[in-house]
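Encoded as C-alpha coordinates, the structure appears first; notes follow it.
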Amino acid sequence: MSKDINNYKKPIGLLGSLMINHMNKHHYELTNWGLSKYDFSTDKTILDIGCGGGNTIYLLLNQSKATVYGIDYSVLCVKKSLKKNRDDVKAMRAHISYGNVLKMDFSDNVFDTVTAVETIYFWQPFDLALLEVLRVLHSGGRFIIIVELTKDNENIKKCEELEKRLNMNLYTENELVQSVCAAGFENVAVSRQGPWLTLEAVKP
(Lines give C-alpha, C1' and ligand atoms only; values in the text may rest on other atoms or scores of the structure.)
Protein backbone atom coordinates (compact mmCIF):
# COMPACT_ATOMS: atom_id res chain seq x y z
CA MET A 1 0.00 0.00 0.00
CA SER A 2 1.43 3.38 -1.00
CA LYS A 3 2.15 6.30 1.33
CA ASP A 4 -0.53 8.27 -0.51
CA ILE A 5 -3.15 5.68 0.37
CA ASN A 6 -2.04 5.41 3.99
CA ASN A 7 -2.10 9.12 4.57
CA TYR A 8 -5.33 10.04 2.85
CA LYS A 9 -7.30 7.06 4.08
CA LYS A 10 -5.67 6.51 7.48
CA PRO A 11 -2.94 9.02 8.37
CA ILE A 12 0.10 7.63 10.18
CA GLY A 13 3.54 8.90 11.20
CA LEU A 14 5.16 12.23 10.38
CA LEU A 15 3.82 12.29 6.83
CA GLY A 16 0.35 11.57 8.21
CA SER A 17 0.66 14.41 10.71
CA LEU A 18 1.56 16.81 7.91
CA MET A 19 -1.35 15.48 5.87
CA ILE A 20 -3.83 16.12 8.71
CA ASN A 21 -2.59 19.70 9.07
CA HIS A 22 -2.95 20.18 5.32
CA MET A 23 -6.48 18.74 5.30
CA ASN A 24 -7.55 20.96 8.20
CA LYS A 25 -6.54 24.02 6.18
CA HIS A 26 -7.65 22.74 2.78
CA HIS A 27 -11.11 21.62 3.92
CA TYR A 28 -11.90 24.59 6.17
CA GLU A 29 -13.85 26.62 3.62
CA LEU A 30 -15.70 23.55 2.35
CA THR A 31 -16.66 22.48 5.87
CA ASN A 32 -17.71 25.97 6.91
CA TRP A 33 -19.81 26.33 3.75
CA GLY A 34 -21.49 22.96 4.23
CA LEU A 35 -22.28 23.37 7.91
CA SER A 36 -23.58 26.90 7.35
CA LYS A 37 -26.50 25.39 5.42
CA TYR A 38 -27.94 23.85 8.58
CA ASP A 39 -29.31 24.89 11.96
CA PHE A 40 -27.81 22.97 14.87
CA SER A 41 -29.34 25.12 17.62
CA THR A 42 -31.77 22.47 18.87
CA ASP A 43 -29.38 19.51 18.65
CA LYS A 44 -28.37 17.85 21.88
CA THR A 45 -26.05 15.19 20.48
CA ILE A 46 -23.99 15.29 17.29
CA LEU A 47 -21.59 12.67 15.90
CA ASP A 48 -18.86 13.49 13.39
CA ILE A 49 -17.59 10.38 11.62
CA GLY A 50 -14.04 10.51 10.30
CA CYS A 51 -13.25 13.55 12.41
CA GLY A 52 -9.70 13.93 11.06
CA GLY A 53 -7.89 16.84 12.65
CA GLY A 54 -10.97 18.03 14.53
CA ASN A 55 -12.03 21.07 12.48
CA THR A 56 -15.61 19.87 11.96
CA ILE A 57 -16.01 19.15 15.66
CA TYR A 58 -14.63 22.61 16.46
CA LEU A 59 -17.12 24.29 14.13
CA LEU A 60 -20.04 22.21 15.41
CA LEU A 61 -19.20 23.12 19.00
CA ASN A 62 -19.31 26.79 18.03
CA GLN A 63 -22.54 26.49 16.03
CA SER A 64 -24.50 24.55 18.65
CA LYS A 65 -24.97 23.85 22.32
CA ALA A 66 -24.78 20.12 21.65
CA THR A 67 -22.45 17.54 23.06
CA VAL A 68 -20.32 16.59 20.06
CA TYR A 69 -18.81 13.16 19.54
CA GLY A 70 -16.14 12.32 17.03
CA ILE A 71 -14.63 9.06 15.82
CA ASP A 72 -11.82 8.21 13.45
CA TYR A 73 -10.02 4.97 12.69
CA SER A 74 -6.67 6.75 12.54
CA VAL A 75 -5.14 6.92 16.01
CA LEU A 76 -3.15 9.94 14.87
CA CYS A 77 -6.33 11.74 13.78
CA VAL A 78 -7.88 11.08 17.17
CA LYS A 79 -4.84 12.59 18.90
CA LYS A 80 -4.89 15.65 16.64
CA SER A 81 -8.63 16.12 17.12
CA LEU A 82 -8.34 15.82 20.89
CA LYS A 83 -5.62 18.48 20.88
CA LYS A 84 -7.62 20.80 18.61
CA ASN A 85 -10.65 20.60 20.92
CA ARG A 86 -8.90 20.07 24.24
CA ASP A 87 -10.83 22.74 26.17
CA ASP A 88 -14.20 21.26 25.17
CA VAL A 89 -12.92 17.75 25.86
CA LYS A 90 -12.02 18.86 29.38
CA ALA A 91 -15.45 20.47 29.73
CA MET A 92 -17.07 17.17 28.60
CA ARG A 93 -18.73 18.86 25.62
CA ALA A 94 -16.55 16.94 23.17
CA HIS A 95 -15.90 13.20 23.22
CA ILE A 96 -13.41 11.93 20.65
CA SER A 97 -12.31 8.33 20.27
CA TYR A 98 -11.06 5.64 17.95
CA GLY A 99 -13.83 4.01 15.94
CA ASN A 100 -14.89 2.50 12.62
CA VAL A 101 -18.06 3.53 10.79
CA LEU A 102 -18.78 -0.10 9.93
CA LYS A 103 -19.21 -1.02 13.60
CA MET A 104 -19.64 1.96 15.89
CA ASP A 105 -19.57 1.62 19.65
CA PHE A 106 -22.79 3.55 20.22
CA SER A 107 -26.28 2.45 21.20
CA ASP A 108 -29.21 2.63 18.79
CA ASN A 109 -31.14 5.88 18.33
CA VAL A 110 -28.84 8.26 20.23
CA PHE A 111 -27.84 11.12 17.91
CA ASP A 112 -29.75 14.13 16.59
CA THR A 113 -27.29 14.65 13.76
CA VAL A 114 -24.46 12.67 12.17
CA THR A 115 -21.96 14.48 9.94
CA ALA A 116 -19.47 13.10 7.43
CA VAL A 117 -17.07 15.59 5.85
CA GLU A 118 -14.73 14.37 3.11
CA THR A 119 -14.78 10.83 4.47
CA ILE A 120 -17.44 8.74 2.70
CA TYR A 121 -14.94 8.04 -0.10
CA PHE A 122 -13.31 5.49 2.20
CA TRP A 123 -16.45 3.85 3.63
CA GLN A 124 -16.27 0.40 2.12
CA PRO A 125 -18.74 -1.21 1.80
CA PHE A 126 -20.74 2.02 1.60
CA ASP A 127 -24.17 0.43 2.00
CA LEU A 128 -23.23 -1.22 5.31
CA ALA A 129 -21.77 2.05 6.63
CA LEU A 130 -25.01 3.86 5.82
CA LEU A 131 -27.02 1.26 7.73
CA GLU A 132 -24.79 1.82 10.74
CA VAL A 133 -25.32 5.59 10.51
CA LEU A 134 -29.07 4.98 10.33
CA ARG A 135 -28.89 2.78 13.44
CA VAL A 136 -27.27 5.37 15.70
CA LEU A 137 -29.60 8.22 14.68
CA HIS A 138 -32.89 8.59 16.47
CA SER A 139 -36.12 8.88 14.51
CA GLY A 140 -36.18 12.30 12.87
CA GLY A 141 -32.41 12.59 13.13
CA ARG A 142 -30.47 13.74 10.12
CA PHE A 143 -27.38 12.63 8.28
CA ILE A 144 -25.27 15.34 6.62
CA ILE A 145 -22.67 14.52 3.97
CA ILE A 146 -20.22 17.19 2.78
CA VAL A 147 -17.86 16.41 -0.11
CA GLU A 148 -15.50 18.39 -2.29
CA LEU A 149 -15.79 16.19 -5.35
CA THR A 150 -18.50 14.20 -7.08
CA LYS A 151 -18.09 11.92 -10.05
CA ASP A 152 -19.72 14.03 -12.73
CA ASN A 153 -19.25 13.66 -16.47
CA GLU A 154 -16.90 16.61 -16.84
CA ASN A 155 -14.36 15.23 -14.35
CA ILE A 156 -14.85 11.49 -14.83
CA LYS A 157 -11.24 10.85 -15.89
CA LYS A 158 -9.81 12.76 -12.92
CA CYS A 159 -12.11 10.88 -10.55
CA GLU A 160 -11.16 7.48 -11.95
CA GLU A 161 -7.47 8.31 -11.54
CA LEU A 162 -8.03 9.35 -7.91
CA GLU A 163 -10.05 6.23 -7.18
CA LYS A 164 -7.29 4.02 -8.49
CA ARG A 165 -4.40 5.88 -6.87
CA LEU A 166 -5.97 6.36 -3.43
CA ASN A 167 -8.22 3.29 -3.19
CA MET A 168 -11.28 5.48 -2.73
CA ASN A 169 -14.80 5.54 -4.14
CA LEU A 170 -16.27 8.71 -5.63
CA TYR A 171 -19.97 9.03 -6.39
CA THR A 172 -22.27 11.01 -8.60
CA GLU A 173 -24.95 13.12 -6.95
CA ASN A 174 -27.57 10.64 -8.12
CA GLU A 175 -25.64 7.69 -6.70
CA LEU A 176 -25.43 9.37 -3.31
CA VAL A 177 -29.16 10.10 -3.27
CA GLN A 178 -30.00 6.55 -4.33
CA SER A 179 -27.67 5.03 -1.75
CA VAL A 180 -29.05 6.92 1.24
CA CYS A 181 -32.62 6.20 0.12
CA ALA A 182 -31.82 2.50 -0.27
CA ALA A 183 -30.44 2.48 3.29
CA GLY A 184 -33.77 3.76 4.59
CA PHE A 185 -33.33 7.53 4.79
CA GLU A 186 -35.92 9.93 3.42
CA ASN A 187 -36.47 13.65 2.73
CA VAL A 188 -33.15 13.89 0.90
CA ALA A 189 -32.04 17.42 0.00
CA VAL A 190 -28.90 18.40 -1.92
CA SER A 191 -27.17 21.77 -2.13
CA ARG A 192 -24.25 22.56 -4.42
CA GLN A 193 -21.65 25.22 -4.99
CA GLY A 194 -19.56 24.36 -8.02
CA PRO A 195 -18.04 20.92 -7.34
CA TRP A 196 -18.90 21.09 -3.63
CA LEU A 197 -21.93 19.16 -2.45
CA THR A 198 -23.80 18.78 0.80
CA LEU A 199 -26.59 16.27 1.27
CA GLU A 200 -29.07 16.02 4.12
CA ALA A 201 -31.17 12.91 4.72
CA VAL A 202 -33.57 12.11 7.57
CA LYS A 203 -34.19 8.88 9.47
CA PRO A 204 -37.96 8.08 9.48
**Asked** How would you rank 116-122, 45-51, highest first, on the average number of other Cβ atoms within 10 Å across their residues?
**Response** 45-51, 116-122
**Prompt:** How high is the FRET efficiency between Arg86 and Trp33 when r is their beta carbon distance and R₀ equals 30 Å, given to the nearest 0.05?
**Reply:** 0.70
**Message:** Relative contact order of segment 59-204, please, whole-number percent, based on alpha carbon pairs below 8 angstrom and at least 6 residues apart.
**Reply:** 21 percent
**Complete:** Of the convex hull enclosing the alpha-carbon atoms of segment 151-204, the direction-averaged projected area in nm² is 4.1 nm²
**Prompt:** Roughly how many percent of the accessible protein surface of the chain is carbon and sulfur, given a 1.4 Å probe and a whole-percent answer?
**Reply:** 51 percent
**Message:** Can I get the semi-axes of segment 84-204's equivalent ellipsoid? Compute them from the C-alpha gyration tensor as square roots of 5 times the eigenvalues, in angstrom, largest first.
**Reply:** 26, 18, 14
**Item:** Burial ranking of peptide ranges 178-185, 36-43 (average Cβ count within 10 Å, highest at the top)
**Value:** 178-185, 36-43
**Request:** Work out the length of the dipole vector of the chain about its Cα centre, built from +1 on the beta-carbon of each Lys and Arg and -1 on the beta-carbon of each Asp and Glu, and round it to the nearest 20 debye.
**Result:** 780 debye
**Request:** Take every Cα pair under 8 Å in segment 141-189 that's 6+ residues apart, average their separations, divide by the length, and report that relative contact order as a whole percent.
**Result:** 31 percent
**Message:** With every protein chain kept in place and ligands, DNA and RNA left out, what is the accessible area per residue of segment 75-204? Probe 1.4 Å, answer in Å².
**Reply:** 50 Å²
**Item:** Two-decimal Rg to Rh for segment 49-109 - Kirkwood Rh, Cα set
**Value:** 0.95
**Prompt:** If eta is 1.567 mPa s and T is 4 °C, what Stokes-Einstein diffusion coefficient results for segment 64-147, Kirkwood Rh from Cα pairs, in µm²/s?
**Reply:** 96 µm²/s
**Fill in**
Most packed first (mean Cβ within 10 Å per residue), the peptides 62-75, 125-138, 85-98 order as 62-75, 125-138, 85-98
**Request:** Let me know the volume per residue of the alpha-carbon convex hull for the chain, in Å³.
**Result:** 108 Å³
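The values are calculated or read from the model by the stated rules, or taken from the named source; none is laboratory data. These numbers were taken from a predicted model, which means no experiment stands behind them. Positions of Cβ are generated from backbone atoms using ideal geometry, with glycine treated the same way; all protein chains shown enter the neighbour counts. These accessible areas exclude ligands, DNA and RNA; they are computed on the full protein's heavy atoms, side chains included. Shrake-Rupley method; radii C 1.70, N 1.55, O 1.52, S 1.80 Å.
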